[in-house]
Amino acid sequence: MSEIKSTVVTIPTDQIRDWDSFYTVFQAALGFPDFYGRNMNAWIDCLTYLDDGMTRFTVTDGNSLTLRIDRGADFCSRCREQYLTLIEAAAFVNFRRIEMGASPALTLMLSGDFQR
């Protein structure tokens, strides 16, 4: 059995204030290509094809890319729409990969002072 490897990338969500900054931060952190469309469809496409060079990180089948979101509660309260969309879109990326016959490859690591 081979070892599963995960590349962890910290996303500086403190720089996100709106949709424009959301797309800018993720493009810079993940190295999306110049033709990246700066919308959620393009975001999902880039992360669906992690094994095809759509980010600066190449993730082979069976391994993963972890998006580390520090101070998640702050991000959620400041940019609730972007935060919730991030969670939904990450799940959809993995759904698409499974539908294509590939392994899920995207994980989220959320930290922060979340209240119940």
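Taken together, the residues in region 1-11 that are assigned to a loop (DSSP other than H, G, I, E, B) and surrounded by fewer than 18 Cβ atoms within 10 Å (Cβ to Cβ) amount to 5. Residue count for region 12-63 under the criterion of being in contact with a strand residue (DSSP E or B) (Cβ under 9 Å, 6 or more places away or on another chain) and either in a helix (DSSP H, G or I) or under 15 Å from Ala89 (Cα atoms) (or both): the result is 7. Only residues that are within 23 Å of Ile4 (Cβ to Cβ) and crowded, with 18+ Cβ neighbours inside 10 Å: list them for region 65-85, please. Residues satisfying the conditions are Leu65, Leu67, Ile69.
Yes or no: Phe22 surrounded by 15 or more Cβ atoms within 10 Å (Cβ to Cβ) and within 13 Å of Val9 (Cβ to Cβ)? Judged against the criteria, Phe22 is not a match. Here region 87-114 is the region considered, the condition is being part of a loop (DSSP other than H, G, I, E, B) and out of contact with any Phe, Trp or Tyr (no Cβ under 9 Å at 6 or more places or on another chain), and the residue that is modelled with the lowest pLDDT is Phe114.
So that you can scan it fast, the table gives a plain yes or no per residue for (1) farther than 18 Å from Leu108 by Cβ; (2) of a type in the set (Lys, Arg); (3) under 11 Å from the mean Cα position of the chain (by Cα):
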residue: Thr13; (1), (2), (3): no, no, no
residue: Ser21; (1), (2), (3): yes, no, no
residue: Phe26; (1), (2), (3): no, no, yes
residue: Gly31; (1), (2), (3): yes, no, no
residue: Gly72; (1), (2), (3): no, no, no
residue: Leu86; (1), (2), (3): no, no, yes
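The values are calculated or read from the model by the stated rules, or taken from the named source; none is laboratory data. Every value quoted in this text rests on a predicted model; they were computed, and no experiment measured them. Reconstructed Cβ throughout: ideal geometry from the backbone, glycine too, with neighbour counts over all protein chains shown.
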